[in-house]
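Working notes, structure below.
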Amino acid sequence: MKKNVIIIVLAAMLVWFGTTIVRLENYHYANQMGFCQQYAIPLESRARNKCLDEKRTRTNPVWHLLHGLLVI
């Protein structure tokens, strides 16, 4: 029973870390490709961060995960 709880907790953490990697890699790639350049003034950094968070740069989150883990 204890072993099953540990496996479930570890699986949940893997999903959590995977979604975080996808989110951060999407942000990184959007920044690298020059999205949201209209917010170049430092005073607009919140608006730029929001813009970069909302961009979807690849067709599938799996690509972000593979790039984030340096598989491809």
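The values are calculated or read from the model by the stated rules, or taken from the named source; none is laboratory data. Predicted model only: the values in this text are computed from it and were never measured. We work out accessible area using only protein heavy atoms, side chains counted, and drop any ligands, DNA or RNA first. Shrake-Rupley method; radii C 1.70, N 1.55, O 1.52, S 1.80 Å.
Summary of values
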{"quantity": "Calculated [θ] (222 nm, deg cm²/dmol) that DSSP helices of n ≥ 4 give over the chain, each run adding -39,500 (n - 2.57)", "calculated": "-22500 deg cm²/dmol"}
{"quantity": "Kyte-Doolittle mean at least 0.0, axial Cα span of 27 Å or more - DSSP H helices of the chain", "calculated": "2-32"}
{"quantity": "Two-decimal Rg/Rh across the chain, once Rg and the Kirkwood Rh are taken from alpha-carbon atoms", "calculated": "1.17"}
{"quantity": "Difference of contour (0.36 nm per residue) and Cα-Cα distance, residue 7 to residue 33", "calculated": "5.5 nm"}
{"quantity": "Order of exposure, largest accessible area first, which applies to 56, 23 with probe 1.4 Å", "calculated": "56, 23"}
